[in-house]
Every structure is written in structure tokens, then in C-alpha cells.
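Q: Structure below; questions to follow.
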Amino acid sequence: MAKPKDNPNYKVIAENRRARYDYAIEEDVECGIILEGSEVKSLRVNSANIAESYAAVDDGELWLINSYIAPYEQAKTFAHEEKRRRKLLVSKRELARLWNDTQRKGMTLVPLVLYFNHRGLAKLKIGIAKGKKNVDKRATEAKRDWNRQKQRLLKDHS
């Protein structure tokens, strides 16, 4: 399989960079997403936001809630709703595991990246995460700053 960077179909549409700061992500899951035609066209133009969205298991189905896909200008009569709930596609076993993690272990499903894969299909990577407290956020930030400083020192002395 070709590397995602080399493939012309691979394209990151939206990334939730704040998720890694606010949550301790234990595992990530790739899932498909059911979209309307105008939504796919809009994503190809690169206009979406998953920063304030989340995923939830509801009635035995996985949903992406509060994600924004900008309206596609050329689709006047068949336009889509911008912030509708979108169904996510995972296997039954994966869905049962996600339900178990959220209901019993108190985890959160956080969207990380929305992208087109090497075949040109829209995919969403969800992180199974635990919320960080302010102390954890400060510790992560201090560790990141120290790693940056360490790299600078190594670069200057070599």
C-alpha cells in the first residue's frame, strides 16, 4: 500500500488539534462516514470543522454530532444541512467496544482527523479518550517545552 503522503487521493480536510491538548487519547479508530453529495463536494473544496464536535453511540449506531460542513454553493436545490448528525460506519464488534468504553469506563469519543483516504473515500479518525485535568495539561505543556529546549541544545552543541 502506498504511503498517504505520496498518494494524490489522500487529503486531510479538518483536524482537531485541540483534542490532544484537552484529552489523553488512549486509542484511535478509523471509521467511515455517511455523507450527502453536496457534503462530499464541499469537503473536496476543503471547508469543514470538527473542533467542537464529538461522537456518541446512540440506539446501536455511532453518530458524529455538531460537526460543520460548509454549504456547497453550486448545490442550490439539493443543499445539505450544515450541522446535522452524521452516521459513522464501524463493525458491530468495534461498535460494542466503543459503547463499552463510553458507558462503563467513562471515556469520550473525540474526532481527531477528517480526511480522504488513498481510495478517495471520506474517513474520520476518532480517539477513545479521557478528559485531562488542568494539572495534566500543564504537565504535558512543560514536557513539550522541555523536549523543544532539549532539541535546541542538542542542535547547538552538535
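The values are calculated or read from the model by the stated rules, or taken from the named source; none is laboratory data. Note that the structure is predicted; figures quoted are calculated from it, not measured. With ideal geometry, Cβ positions are generated from the backbone for all residues, glycine too; neighbour counts draw on all protein chains shown. In case anyone asks, the SASA skips ligands and DNA or RNA and just uses the protein heavy atoms, side chains included. Shrake-Rupley method; radii C 1.70, N 1.55, O 1.52, S 1.80 Å.
Q: Kindly state, to the nearest 0.05, the FRET efficiency for residue 11 paired with residue 135, given R0 = 30 Å and r defined as their beta-carbon distance. Intermediate values should be presented prior to the final figure.
A: Numbers: r = 37 Å, r/R0 = 1.24.
Computed FRET efficiency for residue 11 and residue 135: 0.20.
Q: Also, I was wondering about something else. Compute the distance in nm between two label points, each set 7 Å from the Cα along the Cα-to-Cβ direction, one at residue 91 and one at residue 103.
A: The modelled label-to-label distance comes out at 2.1 nm.
Q: With springs only between Cα atoms under 10 Å, which of 117, 46, 134 fluctuates most in a Gaussian network model of the chain?
A: The residue with the greatest mean-square fluctuation here is 134.
Q: Follow-up. Starting at 0 and stepping by 10 Å, how many percent of the alpha carbon pairs of region 64-108 end up in each bin?
A: 23, 33, 24, 16, 3
Q: Explain nothing, just the number: dipole magnitude of the chain about its Cα centre with +1 on each Lys and Arg Cβ and -1 on each Asp and Glu Cβ, in debye rounded to the nearest 20.
A: The dipole magnitude comes to about 580 debye.
Q: Skipping prolines and chain starts, which residues have an amide H placed within reach, meaning under 5 Å, of the one on residue 72, given they are 5 or more residues away or on another chain?
A: 80
Q: Which residue fluctuates most in the GNM of the chain (Cα springs below 10 Å): 48, 75, 129?
A: With Cα springs under 10 Å in the chain, the top fluctuation among 48, 75, 129 is at 75.
Q: Express the relative contact order of the chain as a whole percentage, based on alpha carbon pairs under 8 Å and six or more residues apart in sequence.
A: 32 percent
Q: I need the GluC sites (Glu not before Pro) found in region 18-115, filtered to DSSP loop residues with at most 15 other beta carbons within 10 Å of theirs.
A: Values: sites: 26, 27, 30, 36, 39, 52, 61, 73, 81, 82, 94; in loops: 36, 52, 73, 81, 82.
For GluC sites (Glu not before Pro) across region 18-115 that sit outside H, G, I, E and B with at most 15 neighbouring Cβ atoms in 10 Å, the list reads 52, 73, 81, 82.
Q: Starting from the Cα of residue 117, step 7 Å along the direction of its Cβ; do the same at residue 155; then give the gap between the two resulting points in nm.
A: It works out to 3.6 nm between the two label points.
Q: Just to be sure I understand: with springs between alpha-carbon atoms less than 10 Å apart, which residue in 45, 90, 29 has the highest mean-square fluctuation in the Gaussian network model of the chain?
A: 45
Q: Right, something else. What whole number of Å gives the distance from the Cα centroid of region 45-69 to the Cα centroid of region 126-158?
A: Between the Cα centres of region 126-158 and region 45-69 lies a distance of 28 Å.
Q: May I ask you to give the percent of accessible area on region 91-155 that is carbon plus sulfur, with a probe radius of 1.4 Å?
A: Its accessible area is 50 percent carbon and sulfur atoms.
Q: Classify region 24-124 as rounded, prolate or oblate, taking a ≥ b ≥ c as the square roots of the eigenvalues of its Cα gyration tensor: rounded when a/c is under 1.5, otherwise prolate if a/b is larger than b/c and oblate if not.
A: prolate
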